[in-house]
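Student: Below is a structure I'd like to ask you about.
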Amino acid sequence: MKLLILESGAKARTVKKYLGKGWIVEACSGHIQDLPQGGGGKKRSKAMWASKNGNLPEPPWEWTEGAERVIATILNKATDSGVEEVYLATDPDREGEFIAWRLSILFSEFPVLKRVTFNEITKTAVKDAIENPGGINMDLVDAAKVRRFMDRLVGFRCSGFSKSWNLKSMGRVQTPTLGFIVRRELERESHVPIEFHTVQAESDGIRFKVRFHEKDDLDAWTDDFGKHHPDRTSDEKLAADALEALQEAGQITITSVNEGKTNRNPQPPFTTDTLLQTANSTLGWPVSKTSRIASALYHAGHITYIRTDSTRTNSDARNKIRNHIKEKYGESHLGPGVLGSDAKKGVSNVQDAHEAIRPTRPSNTSISGADSDWKSLYALIWARFAASQMSASVRERRDLQASVEGTDKALNGTASWRTHPGWEAVYAQYHGDVKTSPPDSPLTDGAVWKIDVSEDNPFMKTDETKPPRRFSESSIIQQMKKEGIGRPSTYVSIVKNLGNKGYVDVERNSLSPTEKGRTLWLQVVPFFNEQNEAGGLFTPQFTSKMEESLDRVEHAKMSGSNVWNDFVEEFRAMHNIALEEKRKVPTIRQLALLENRIPHLDEARREELLSGKKISDLTGDEARWIIKSITDANGENGILPASDKQTALIVKLSDQSGMGLDESLRLVGSTDIAELTGGRDGTASELISALIEKSRNMPATPPQVDLVNKLADQHEMPINEVLAIVGLREIDEMTKSDASDIINEMKKRARRSGRRRSGA
């Protein structure tokens, strides 16, 4: 008996159909062991990245949620079934190799242990992989390890640093990505619009634009980047005169015709980032949806592996699609085949999983028995792959210059019509109507063309330059790819995390920084990025350098331990400088505390502490000394009033409890809310804790009851079994606390179930 272990349950179900008797096919549901998520004290945390020169750290790898039970089940089944050979078929990339490595340790008791990889889930690919097994690629594993260590060290240390600004986290790749978004927003805010006027006229379907200026003219119109636009002018009267001449003449005279051709070449097959971008622009999908549907198509065996930077494809697939093209469209539609820049020697910033994203069965132009989203994305992937092997589309082009009576300004227009569709033949559903014949009007010097006069033709348009567009989810991924930060396996999660952390808002597919995002990039990051001219920790340059180092580890060109030790040294130096500089500047929390406490001191005490300075002018050391002095003082000067936030919360909780404010205050022996003291140990904090505890024991709210019933229905569980989670028999007995515990537990079960179904 043989055992094959994959990551995803969906993937396992597909593969199981290809293997006959004598095989057990199981899914480990993604990562099974990883770095500890928290707890254990400083000693344990330090062990995560502590190492000697020449070695990588040996951290205490811990089970991910639910993984220990999953692996125990597989082990028991394998033992009971007399399995002798174990095949580890996790994904063909760093993360997949890391999972295979952890599995190889857990299944080391079996006589034969083999590593197999396949880029597509087809019967042929699976069987070829099994017939040609290999071992664990420790270079890939080391690259995955070092990436983890880097991310954890930066996240642990720098997130602790940012807490002084009440910010949740910083990340090695996450934070530089935020920087792109913040800088773009600052560019938008500093943009000064430049007004311009254009005049246009349409004749025989061709749009002619008035040419107002030449590049060397003193009054030539240029945009924010110094680019000359001959069809724009700042002179409104000049534009109005040209419009009047067109309206009165009702015709134009062709003065020049230049013949030419335009070839439009196809694009290479999809990589992860180009698929996300194209699905966004063509189908209108957010990147999370595209990633989810693409993953499902891969697991079902319809497309190749989806996390890739490669545009290369295997010859068998190319031959099949070329035969299809020849049969359906003719040999004239075949091209030489196109590849992306990744196929060129010496290109960095590429981590591929062997092939581009393409259909596994190229002759299948569509898939049957699938929902509309699956079909839509598959059709797009198929068209892109087919197009990459097709000829260029060809258009005849005539560059036209014309004159009009009443003005000396020329008009320019272009007539274009397609003479050979080439690759556009498979893209017809994504393109609008295409002109395939020349205009009826003569394309000769001296020809007179009638203007199709209407209310909107000819017309003058007054507009102004626009600020640069905000990044979309897909364009920020393109920027990450361009700058060499992040990788296909992390693009979507990084963008998602920026929103989850509250650093970025997503509205109508555009990303804008929140106030927290601005604070992080403009106030916190400079401590790390402005230390020297070499580029700081959160610059794209430094992050890209680290990504390249990981790639070199993966390809056995650098030692993982050397990369890690060099990074630790660089990070330690930058972090120490940041800590030293931070001490010179008061934190937001310190300033808020001083703003709260100083006004309650008498004038003499304020003068003693501030020495004539404003709070905003204090250094970090001065702020810390003043806070300590106030805290250590006895009597009235040491009292911290409750903050506005605390008093507002107390009023809210009092109303919710039904006690009323006066009764609530008596819980801490007060009669007036103004008497409450602030700080962690103050009476305000004590009262808030007491009210929260009382609130927890109040009957569950109607929305909570409704949600519990809904979750019971979703999980197909009797309500009594759901209530048993917190030891209740009747729903009327349920408190707010009980309801909260039930809801959290049911949601956890849903997440675990989802991971088991889809993998990690």
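Student: Does the stretch 89-198 come out rounded, prolate or oblate, given a ≥ b ≥ c as the square roots of the eigenvalues of its C-alpha gyration tensor, rounded meaning a/c under 1.5 and, failing that, prolate meaning a/b above b/c?
Tutor: Values: a/c = 5.41, a/b = 1.89, b/c = 2.86.
In terms of gyration-tensor shape, oblate.
Student: List Met170, Met558 from most exposed to least, where exposure is judged by having the fewest other Cβ atoms within 10 Å.
Tutor: Going from sparsest to densest Cβ surroundings: Met558, Met170.
Student: Let me ask something additional. Reachable lysines from Lys557, Cα under 30 Å, same-chain residues fewer than 8 places away excluded?
Tutor: Reachable lysines: Lys46, Lys52, Lys114, Lys145, Lys344, Lys345, Lys481, Lys482, Lys545.
Student: Moving on. Can you give the Rg/Rh ratio of the stretch 586-639, where Rg is from the C-alpha atoms and Rh is the Kirkwood radius?
Tutor: Numbers: Rg = 10.1 Å, Rh = 11.0 Å.
Across the stretch 586-639, the Cα-based Rg/Rh ratio is 0.91.
Student: The stretch 661-719: Rg/Rh from Cα coordinates, Kirkwood Rh?
Tutor: Rounded to two decimals, Rg/Rh equals 1.28.
Student: Quick one: compute a quarter of the convex hull surface over the Cα atoms of the stretch 389-492 and quote it in nm².
Tutor: Computed as one quarter of the Cα hull surface, the answer is 12.3 nm².
Student: Using the Cα centre of the chain as the reference point, and only Cβ charges (+1 on K/R, -1 on D/E), how large is the resulting charge dipole? Debye, rounded to the nearest 20.
Tutor: The calculation lands at about 3240 debye.
Student: Continuing with this model, one more query. Restricting to Cα atoms and excluding each atom paired with itself, what does the Kirkwood estimate give for the stretch 272-391 in Å? Walk me through the numbers before you get to the answer.
Tutor: Details: mean 1/r = 0.0675 Å⁻¹.
Answer for the stretch 272-391: a Kirkwood hydrodynamic radius of 14.8 Å.
Student: Across bins of 5 angstrom width beginning at 0, how are the C-alpha pair distances of the stretch 552-691 distributed, in whole percent?
Tutor: 2, 9, 14, 13, 11, 10, 9, 8, 6, 5, 5, 4, 3, 1, 0
Student: Using the Kirkwood formula on the Cα atoms of the stretch 2-136, what hydrodynamic radius do you get, in angstrom to one decimal?
Tutor: 16.0 Å
Student: While we're here: Just want the ordering: Arg729, Arg292, Arg207, from fewest to most Cβ atoms lying within 10 Å of their own Cβ. Working shown, then result.
Tutor: Working: Arg729 9, Arg292 16, Arg207 13.
With the sparsest Cβ surroundings first, the list reads Arg729, Arg207, Arg292.
Student: Let me ask something else about it. Can you bin the stretch 447-602 into rounded, prolate or oblate? Criterion: square roots of the alpha carbon gyration tensor eigenvalues sorted a ≥ b ≥ c, rounded for a/c under 1.5, prolate for a/b above b/c, oblate for the rest.
Tutor: It is oblate, given that a/c is not under 1.5 and a/b is not larger than b/c.
Student: Shifting gears a bit: Sort out for me the Cα centre separation of the stretch 74-133 from the stretch 471-538, rounded to whole Å.
Tutor: Using only Cα atoms, the two centres lie 37 Å from each other.
Student: Further, regarding this structure: Set the Förster radius R0 to 22 Å, insert the Cβ-Cβ distance between Asp621 and Glu533 as r into 1/(1 + (r/R0)^6), and round the FRET efficiency to 0.05.
Tutor: The pair Asp621/Glu533 has a calculated efficiency of 0.20.
Student: Could you pull out every residue, at least 5 positions away or on a different chain, whose amide H is within less than 5 Å of the one on Asp505? Hs are placed 1.01 Å off N in the peptide plane, and Pro or chain starts have none.
Tutor: Close amide H contacts, sequence-distant or interchain: Ser512, Thr514.
Student: For Glu62 and Lys163, what is the calculated FRET efficiency with R₀ set at 22 Å and r taken between the beta-carbons, to the nearest 0.05?
Tutor: My answer for the efficiency is 0.35.
Student: Name the lysines eligible as straight-distance cross-link partners of Lys466: C-alpha to C-alpha under 18 Å, and not fewer than 8 places from it in the same chain.
Tutor: Result set, ordered by chain and number: Lys227.
Student: Just tell me which lysines come within less than 21 Å, Cα to Cα, of Lys652; anything on the same chain fewer than 8 places away is out.
Tutor: Lys694, Lys736
Student: A further question on this structure: Taking R0 as 35 Å, what's the FRET efficiency between His600 and Gln656 from their Cβ-Cβ distance, rounded to 0.05?
Tutor: 0.75
Student: Using only helices, what value at 222 nm comes out for the chain when you add -39,500 (n - 2.57) per DSSP H run of length 4 or more and divide by the total residues, to the nearest 500 deg cm²/dmol? Write out the running numbers ahead of the final one.
Tutor: Values: 27 runs with 338 residues, N = 760.
Calculated at 222 nm, the ellipticity per residue is -14000 deg cm²/dmol.
Student: Can you tell me the Rg and Dmax of the stretch 471-535, counting just the alpha carbons, in angstroms?
Tutor: Radius of gyration, then largest Cα-Cα span, for the stretch 471-535: 13.0, 38 Å.
Student: With no solvent and one equal point scatterer placed on each C-alpha of the chain, evaluate the Debye formula and give log10 I(q)/I(0) for q = 0.10 Å⁻¹, two decimals.
Tutor: -1.24
Student: May I ask you to list the residues of the stretch 193-216 whose amide nitrogen lies under 14 Å from a point 7 Å from Cα along the Cα→beta-carbon direction of Lys450?
Tutor: So the set is 203-205.
Student: Right, next: Can you tell me how much longer the chain between Glu745 and Thr514 gets when fully stretched, taken as 0.36 nm per residue apart minus their C-alpha distance, in nm with one decimal?
Tutor: Full extension from Glu745 to Thr514 adds 80.0 nm.
Student: For Thr490, Thr436, what's the fewest-to-most ordering of other Cβ within 10 Å of each Cβ?
Tutor: The order, fewest Cβ neighbours first, is Thr436, Thr490.
Student: Now for a separate question. Could you list which residues have their amide H under 5 Å from that of Ala300, counting only those 5 or more apart in sequence or on another chain, with H placed in the peptide plane?
Tutor: For Ala300, no residues qualify.
Readers should treat all values here as calculations from the given coordinates under stated rules, not as data from a laboratory. Everything numeric in this text was worked out from a predicted model, so none of it was measured. Positions of Cβ are generated from backbone atoms using ideal geometry, with glycine treated the same way; all protein chains shown enter the neighbour counts.
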